[in-house]
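Here's the structure we're looking at; comments come further down.
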Amino acid sequence: MSLPQIRPTNATEWINRHDTFKQPIDNLFDLINGNTGNGFDDYNAMTNAIQAFLGKAIAENKTIRALGGGWSFSKVATAEWILNTKMLNMLFPIRNIQSLSPAYNAAPSNLLFAQCGNSIQELNNWLKQNKRSLKTSGASNGQTIAGCFSTGTHGSAIDTGSVQDFIVGMHIITGPNDHIWLERKSYPVVSGLFIQKFKTKLVADDELFNAALISFGSFGFIHGVMIETTDIYLLECYRKKIPIDNSFRHIMETLNFSHANFVPNGNERPFHFQAVIDQYNLKGGAYATIMYKRPYKDDYQPPVVDFNKA
C-alpha cells in the first residue's frame, strides 16, 4: 500500500519531446498515484496532494505548469515548477447508470472517466479491448488526453469534430481549497452520486465549459476528464494521386463527394480525406489519403507493409 507522491527530480532544464527548444526551470516534479487498492480513494488522495502543492507554490510565489506528453512546440507551457502528469493514468469505466444524470440518454458504456496523464495510446489500448474507440484523434498518439484537448489538437474526420469535441466533463483543481466538476448545462452527464464519489462540486455552464476546454492550463489543474466514445470500427484506407482539376477543387472547397467518381469508392462520402500538394509542381497532382469507416470484425486482415517496395 502506498500514498500519492509529488516527487522532485531536481531537474533545472526541460526539453520538449521533439527537441525543438530547451527551457530553464526551477524543478520538475513527478506525480505518482497512491495504491491502496481503492481507485476512488487513490484519485481523491491525489486531488488533495495537488491542492497542497498548489498552496505551497502560492506561499513560495512559484509559477506552475502541468506537463503532459511534452508535445508542445512552444515555450508557452513552461514555468518555474513543472508537474509531470504522465503517471496519473487511472481509468474509471462508467458501469452504473446511477452515476449518470437522468437527462443523459446514451448508455454508460459510451463514457470513460480518465485521469489527466493517460496518453492517447493508453486510451486506444483500453478502448480496443472493450470494443470501443475514440471518435477521432490527431496524427500522433503520444500526447496525454488533458494536454491533447486543452491545446486544441485537431481531429482527422470530415464529419466529426476535433479531440476536444468528445470531452463532456472536466474535473479541475482551481486552487488549494477548491476543485470542481465542470460540464455543459445544455448537456448534463453525471449525477450527484458521481460528484460525491470524487468529493467535488458541480458547475454546469456552457460558456465556462467552452472557455475552459481549450485553455492551455489557465483555468486550473485538469485532473480528470469524461470522454464520450463510440463503437470500435475499421478504416478502409487508400492513397491515390489525383489531378488538381475542377473536380478536385470542388471537393476541397465544399467537401461534396456526390460527383467524385475518381476516388476509390465513387460517390460514397469518406470518413477522412487529406490532400498533400507540392506547390512547386501543381501539374504533378495531389497525393490524396482517403479513408472509409467500416464495421469492426475480429477476423479482419490488416494490410501487410512491404518496406522493400518503393
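For this structure, a couple of remarks:
- Accessible-area composition of the stretch 4-46, carbon plus sulfur, in percent [1.4 Å probe]: 43 percent
- Normalised per residue, the accessible area of the chain is 54 Å², obtained with a 1.4 Å probe and no contribution from ligands, DNA or RNA.
- Debye log10 I(q)/I(0) at q = 0.10, 0.13, 0.14, 0.15 Å⁻¹ for the chain, Cα point scatterers: -0.67, -1.02, -1.12, -1.22
- Global geometry of the stretch 72-190, whether rounded, prolate or oblate, following the gyration tensor of its Cα atoms and the 1.5 cut on a/c: oblate
- Using a cutoff of 8 angstrom between alpha carbon atoms and counting only pairs six or more residues apart, the relative contact order for the chain works out to 14 percent.
- Max mean-square fluctuation residue, GNM over the chain, Cα-Cα springs under 10 Å, options Ser101, Ser133, Ser258: Ser258
- The listed residues Cys237, Cys116, once ranked by accessible area (1.4 Å probe) with the largest placed first, stand as Cys237, Cys116.
- Part-to-part distance (alpha-carbon centres) for the stretch 202-248 and the stretch 90-117, which is given in Å: 18 Å
- The orientation-averaged projection of the convex hull spanning the C-alpha atoms of the stretch 1-129 amounts to 10.2 square nanometres.
- GNM flexibility winner over the chain from Asn118, Asn210, Asn281 (Cα, springs under 10 Å): Asn281
- Met252, Met1, reordered so the largest accessible area comes first (probe 1.4 Å): Met1, Met252
- The helix-only estimate of mean residue ellipticity at 222 nm for the chain, built from DSSP H runs of length n ≥ 4 each weighted as -39500 (n - 2.57), is -5500 deg cm²/dmol after division by the residue total.
- The stretch 94-236: relative contact order in percent, alpha carbon pairs under 8 Å with at least 6 residues between: 34 percent
- Net charge of neighbours whose Cβ lies under 12 Å from the Cβ of Gly55, counting Lys and Arg as +1 and Asp and Glu as -1: 0
- Semi-axes of the equivalent ellipsoid for the stretch 1-69, Cα gyration tensor, largest first, Å: 26, 16, 10
- Under the simplified labelling scheme, the Ile232-Leu3 pair shows an inter-label distance of 4.1 nm, with each label point 7 Å from Cα along Cα→Cβ.
- Ignoring aspartates and glutamates fewer than eight residues from Lys297 along the same chain, the ones with Cα atoms less than 15 angstrom from its Cα are Asp231, Glu236.
- When the Gaussian network model of the chain links Cα atoms closer than 10 Å, the mean-square fluctuations of Ser72, Ser247, Ser137 top out at Ser247.
- Among the listed pairs Lys62/Lys199; Lys62/Lys197; Lys86/Lys293; Lys128/Lys293; Lys131/Lys199; Lys22/Lys56, those beyond 20 Å (Cα-Cα): Lys62/Lys199; Lys62/Lys197; Lys86/Lys293; Lys131/Lys199; Lys22/Lys56
The values are calculated or read from the model by the stated rules, or taken from the named source; none is laboratory data. Predicted, not measured: the structure shown is a model, and the values here were computed from it. Glycine also receives a Cβ, built like all others from the backbone with ideal geometry; neighbour counts cover every protein chain displayed. In case anyone asks, the SASA skips ligands and DNA or RNA and just uses the protein heavy atoms, side chains included. Shrake-Rupley method; radii C 1.70, N 1.55, O 1.52, S 1.80 Å.
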